[in-house]
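Structure first, then comments.
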There are 2 protein chains.
Amino acid sequence: MQSNINCFFSAKSVAVVGATTNPDKLGFLVLKNIIAGGFKGRIYAVNQKGGSVMNLQCYKSLSEINEVPDIIVVIVPSSSVLNVIEEAGKLGVKGAIIISGGFGESGNNELERELVELSRKYSIRIQGPNCQGLIYNPNKFCASWPLVSSTGHIAIIAQSGTVGAEIGIRAQEEDLGVSAIVSLGNKSETNELDFIKYFSEDDNTNAIGLYLEGVTDGRRFIELAREVTSKKPFVVLKSGRTPQGKQAVQSHTKSLAGMSQVFNGMCRQYGIVNAKNITEFYDLLKGFAYLKPPKGKNVMVVTSSGGSGALAADELSESGLNLIRLSPEIEKDIKAALPKHCIVKNPIDLTGDATPLRYKEIVSKVSEDKNVDIIFVVFGDPFPGVGEAISSIRDSIEQTLVVCYLGGGEVQKQERSIMHRNNIPVFSSPEGAVHTINKLVEYSDYLGITRKEE
Amino acid sequence: MQSNINCFFSAKSVAVVGATTNPDKLGFLVLKNIIAGGFKGRIYAVNQKGGSVMNLQCYKSLSEINEVPDIIVVIVPSSSVLNVIEEAGKLGVKGAIIISGGFGESGNNELERELVELSRKYSIRIQGPNCQGLIYNPNKFCASWPLVSSTGHIAIIAQSGTVGAEIGIRAQEEDLGVSAIVSLGNKSETNELDFIKYFSEDDNTNAIGLYLEGVTDGRRFIELAREVTSKKPFVVLKSGRTPQGKQAVQSHTKSLAGMSQVFNGMCRQYGIVNAKNITEFYDLLKGFAYLKPPKGKNVMVVTSSGGSGALAADELSESGLNLIRLSPEIEKDIKAALPKHCIVKNPIDLTGDATPLRYKEIVSKVSEDKNVDIIFVVFGDPFPGVGEAISSIRDSIEQTLVVCYLGGGEVQKQERSIMHRNNIPVFSSPEGAVHTINKLVEYSDYLGITRKEE
């Protein structure tokens, strides 16, 4: 029986087999990123030619290292991979991340079969082959590219290195970060099920994102999904929805898609959040990792940009969400607290001369209305200080607090970083925020936490 | 009769009335941005208190300046605006950008009426009041915030300062730039029609983007739109599509929306490109400003990321575009030119070991197939050199060349900048690119340039 895959996430030592001084090679880039990511454990470089790489002695083989590394990263020609795994297995290495291609994806099914056999023989877990590696930021482990070392609470599992990287880059650029990125590659010995299971139990991960081309085992996938979605949000982007997409998927990962309607139905039935494209995938992960599911669909918009407020109102309305009217008492209080030129409807428009304090006061006041389920704050313009203002009241607000920021340039970036460091997700467009709110409301329904009176 | 509005775009001198040393005030920020934007003309600061601001002498009134500035930017309390305009009018100032609020939007309709009367009396054109200013990069004139000085060929006219700023910021961050951003404000004396007309004749502008809450004059809007769309693309994002959005719009700019179906029909009929949200608005402007309308809807995808290719194939297929099969001869040539592990279907997958040269060769080869109308290149991973490679063959390609780049981190940013400087737009998501392709195909139909045999 195989051991579990914890080795990939708690490794105290790693050897990069195929480390090289040639900066155009992945054996260079991956070692560089492991070092630059600040890996807490011991790092070894292995290359049969010896020498040194990035100030590390280069061992000619794994056996030469004076300890057995917990895991290895393999970036050698496919013809040498089996030898490396055999050696590692005999030594007692627990896991191998095999980046090398040239297996099933190139028609070399026999080679891939032998790889899996070896892995079983020596109880060495395999991620890949033909993958873009693995990042796990709680362990400061970045055996992938590009370097995504900004730590957050989203774990991404992707049957495409590019899709995983793209989400990681977006999260890093916005100081939101990720907990993990796993590139599945050929799914030879481990597959999406192993990693979904791991992240469902990982305290560093609030939401799991999966980019999938084909499901390995439909029945087990459903069982696992059902278990996961009762614990934490599970967002899936699936390609192969159309005949043309299916053909592309089959060429890419030999996956059999061809079940898009079945898949959509399954998502609804088991509380899986279904993303329709890359942009929505990122927005949904951002929202679900940090926002509590709302108690209903009553939304109050607070903005300083009339135009963004109008766009938000259209999007909310088109999504079937309810732009609630405040209770008369609270509306009266808010009117009294605001200059005459502000507009107290829904949206509440604090107008362009709004201040962080005005935002803070009004959002707090709105939160006193218990018929409001979601407070949707849309910042326009540069407003230094709003990040701190919103962060300071977040814990006292019972409602789901959704923030969007537009048109603020450099100030917006600063304030967004402050909010992201305080675990308040900030959306870049009204429509992105509203699509997320809509899916959050659906998830509340699935979990059965929607208010009774609705 | 009023003179034309060219003064705003060709000013050789500007005075900021309400310039101040207080960095929290717009009178500081706008003057700072005019200077930082590198305005080619003479800059004057006016403040009744005198003194100096940012190393400029501060004149106590416009009359004290030893020339008559072409235009003025007004940022004083609303109660003083009429005096400023009267003085400017008497002096012969040609135009005033009035940022000050406190007019019709606050219920002071009488004050706004008097403003328009004054403007007519002295033939001084007014932009605003209650607006976020004006940017025209060919004249290096940035009387707005934030500073958007990156020069490109998109002109934005917006009935919301935040929406205009957001598009400008996105374009600046990607080194794509804009030609202009005009914030309409209350549309007292000038309105969208004046600026649409101006940009339709402006050689520095390839595509016009309009964010609109309400049309000032429906009939003239249609006449003008029809004239514009035969010359250059005209992209419109309209809010007030739903009852809730309409109410928000009415609160914001007192516009009467309430014609969303009529508006959609009008767009179809007159070749207006209808954007449905902020993200699409930006993507469409990016595409339409730089891409030639395709001769048909046959798309060939070339990628190095199987996953992104599959997502692109799904999106293309769902949009009703045609993933064409290459002619047998060209397919044969391409197979011969590529390593065995590459996949020559549609998408063509050059796989993760692709090089700029491989991209260049294959895209060139694909362009020999005259049944292909659109070549859609989807880069995955860091690929230094692809920007240069694609730029070098662009002029020899007859087809519409659409580029998307995902997952490439810092390298992606560099390469995107290179392509943007070479007027090749780069999309950040397959879906954004595909929505744009779809609208380009519709525009070709409108223009009647679609191939006959289709």
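The values are calculated or read from the model by the stated rules, or taken from the named source; none is laboratory data. What you are looking at is a predicted structure, and each value in this text was computed from that prediction instead of being measured. Please note: Cβ atoms are built from the backbone with ideal geometry, for glycine as well, and neighbour counts cover all protein chains shown. Quick note on the areas: whole protein, heavy atoms, side chains included, nothing else; ligands and nucleic acids left out. Shrake-Rupley method; radii C 1.70, N 1.55, O 1.52, S 1.80 Å.
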Practice problem: Among what's in the stretch A:153-164 and is among the hydrophobic types (A, V, I, L, M, F, W, C) and more than 13 Å from chain B (Cβ to nearest Cβ), pick the residue that is surrounded by the most Cβ atoms within 10 Å (Cβ to Cβ). | Solution: A:A155
Practice problem: With the checklist (1) within 25 Å of A:A433 (Cα to Cα); (2) of a type in the set (S, T, N, Q); (3) surrounded by fewer than 19 Cβ atoms within 10 Å (Cβ to Cβ) in hand, flag the one item B:Q244 doesn't pass. | Solution: (3)
Practice problem: Keeping to the stretch A:247-283, report how many residues are buried (at least 24 other Cβ atoms within 10 Å of the Cβ) and either at pLDDT below 95 or farther than 30 Å from A:I424 by Cβ (or both). | Solution: 5
Quiz item: Could you list, in sequence order, the residues of the stretch A:139-152 that are more than 26 Å from A:T216 (Cα to Cα) and open to solvent by 10 Å² or more (accessible area, probe 1.4 Å)?
Solution: A:N139, A:K140, A:P146, A:L147, A:S149, A:S150, A:T151
Quiz item: Somewhere in the stretch A:356-371, is a residue within 25 Å of B:V30 (Cα to Cα) and charged (D, E, K, R)?
Solution: yes
Quiz item: Quick check: is even one residue across the stretch A:116-132 over 29 Å from A:D203 (Cβ atoms) and within 11 Å of chain B (Cβ to nearest Cβ)?
Solution: yes
Quiz item: What is the residue count in the stretch A:227-250 for residues that are polar (S, T, N, Q), assigned to a loop (DSSP other than H, G, I, E, B) and within 13 Å of chain B (Cβ to nearest Cβ)?
Solution: 2
Quiz item: Any residue in the stretch B:180-188 that is away from chain A (no Cβ under 13 Å) and surrounded by fewer than 21 Cβ atoms within 10 Å (Cβ to Cβ)?
Solution: no
Quiz item: Residues of the stretch B:63-104 being of a type in the set (D, E, K, R) and over 28 Å from the mean Cα position of the chain (by Cα), which ones?
Solution: B:E64, B:E67, B:E86, B:E87, B:K90
Quiz item: Which condition breaks for B:G306 when tested against (1) at pLDDT 95 or above; (2) within 13 Å of another protein chain (Cβ to nearest Cβ)?
Solution: (1)
Quiz item: For B:K40, are the conditions met, namely being in a loop (DSSP other than H, G, I, E, B), in contact (Cβ under 8 Å) with a residue 40 or more places away in the chain and open to solvent by 70 Å² or more (accessible area, probe 1.4 Å)?
Solution: yes
Self-check item: Matching residues in the stretch A:71-122 - criterion: being in contact with a strand residue (DSSP E or B) (Cβ under 7 Å, 6 or more places away or on another chain) and open to solvent by 40 Å² or more (accessible area, probe 1.4 Å)
Solution: A:K94
Quiz prompt | Failed condition for B:R220, given (1) in contact (Cβ under 8 Å) with a residue 24 or more places away in the chain; (2) more than 14 Å from chain A (Cβ to nearest Cβ); (3) of a type outside the set (A, V, I, L, M); (4) assigned to a loop (DSSP other than H, G, I, E, B) | solution = (4)
Quiz prompt | Residue match in the stretch A:61-80 (condition: in contact (Cβ under 8 Å) with a residue 60 or more places away in the chain and farther than 23 Å from B:F383 by Cα) | solution = yes
Practice problem: Check B:F9 against each of (1) touching a Phe, Trp or Tyr at 6+ places or on another chain (Cβ under 6 Å); (2) part of a strand (DSSP E or B) and name the one condition it does not meet. | Solution: (2)
Quiz prompt | Odd one out for B:K286 among (1) of a type outside the set (A, V, I, L, M, F, W, C); (2) at pLDDT 95 or above; (3) outside any loop (DSSP other than H, G, I, E, B); (4) open to solvent by 10 Å² or more (accessible area, probe 1.4 Å) | solution = (4)
Practice problem: Identify the residue in the stretch B:8-21 that is open to solvent by 10 Å² or more (accessible area, probe 1.4 Å) and out of contact with any helix residue (DSSP H, G or I) (no Cβ under 6 Å at 6 or more places or on another chain) and, among all such residues, is farthest from B:I124 (Cα to Cα). | Solution: B:T21
